[in-house]
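See below for the structure under consideration.
The values are calculated or read from the model by the stated rules, or taken from the named source; none is laboratory data. These figures come from a predicted structure and were not determined experimentally. For neighbour counting, all protein chains shown are included, and Cβ atoms are generated from backbone atoms with ideal geometry for every residue, glycine included. Surface accessibility is based on the protein's heavy atoms, side chains included, excluding ligands, DNA and RNA. Shrake-Rupley method; radii C 1.70, N 1.55, O 1.52, S 1.80 Å.
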Amino acid sequence: MHVLPTQPGVRVNLAELIEMRHRVREVQLFSTPARRSPLIGLHHSKLRGRGVDFDQVRVYQAGDDVRTIDWRVTARTQEPHTKLFHEERERPIYILVEQSQRLFFGSGLMFKSVLAAQAASLIGWAALGHNDRIGGLVFGDQEHHEIRPRRSKQSLLQLLNRLARANQALSSDAQANRDSFGLALRRAREVLRPGSLVIVLCDERTLGDSSEQQLILLARHTDLLLLPLSDPLDHALPAAGLLRFAERGAQLELDTHNADLRQAYRAQGEARQARWQRLAQKLGVPLLPLSTQTEMIEQLRDHLNAQRPRKHS
């Protein structure tokens, strides 16, 4: 068996996924009081009562709302004190991330499996910093691991640990399960409550009739953010002469100088991209495809800039 070197871009470990928390500020995934994310429509807070939860009491400062003065503490201390509140966000964020044999490939900066893990980690840290409930499901060819959404760093670390372990277990000899995506989506429909935000990170090639139907059903009760992953070689074959492929005893030869073959291959790749675009438009959900060719955060920034409403002059 050919063993790939454990080099950056081929496999990822838990320490690297934890380090992604330092890159959250580089891209505006969720809104802050100072800045609104283009994805704001996906992430409205479900607020209780007054729309806020009591946080703490502190000494009254000029400019504070007099209606929030805590008169009991003020009377006891003989100094004006005010109550502070924070928004209570009830929406769970569920990160559905693939780590299957078909992702264990890359001709760009990294393998697709590493790209999926890094993007899931970045989104997880951004959501945690936004005071959200974080959970998810890591699915591969033969098994899946689920973390129920909770508002805690521990929950996110459990998800990232599962993600790193699944990533390190990948090999080119694994037996692919073509319906693993559909099974994962069915599981998400079973456990998620209405109003959840589901982040889907999967191979661009996983979208079939069954999984598309599952996404349509899931979108009825949850909000979706679709991030299909691809590699340049998914969309175009280089004119590199005769290429030989081998997998579990089967062999295939392709003459990449054949223009008809390259055109048919390119057409297949374009059809997959178009199918994702049609689905996103039908469901009215954001589509943020990611490629191994370009740095991940740079791609996310470009997508979010494209989502921003244009100002009319």
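Count of segment 251-274 residues, restricted to those that are more than 34 Å from the chain's Cα centre (by Cα) and among the small types (Gly, Ala, Ser), is 1. Take the residues in segment 60-92 that are within 41 Å of the chain's Cα centre (by Cα) and in a strand (DSSP E or B); name whichever of them is modelled with the highest pLDDT. Looking at the filtered set, the residue picked out is Pro92. Whether any residue in segment 209-231 is assigned to a helix (DSSP H, G or I) and closer than 24 Å to Ser107 by Cα is what I want to check. Looking through segment 209-231, none of the residues is assigned to a helix (DSSP H, G or I) and closer than 24 Å to Ser107 by Cα. Among the residues that make up segment 219-231, is at least one of them modelled with pLDDT under 80, among the charged types (D, E, K, R) and in contact with a Ser or Thr (Cβ under 9 Å, 6 or more places away or on another chain)? No, segment 219-231 contains no residue that is modelled with pLDDT under 80, among the charged types (D, E, K, R) and in contact with a Ser or Thr (Cβ under 9 Å, 6 or more places away or on another chain).
For segment 251-271, check the following and say yes or no: at least one residue is open to solvent by 20 Å² or more (accessible area, probe 1.4 Å) and in contact (Cβ under 8 Å) with a residue 60 or more places away in the chain. No, segment 251-271 has no match at all. With the structure loaded, tell me whether Leu279 is open to solvent by less than 30 Å² (accessible area, probe 1.4 Å), closer than 20 Å to Val138 by Cα and in contact (Cβ under 8 Å) with a residue 60 or more places away in the chain or whether it fails that test. Criteria not met by Leu279.
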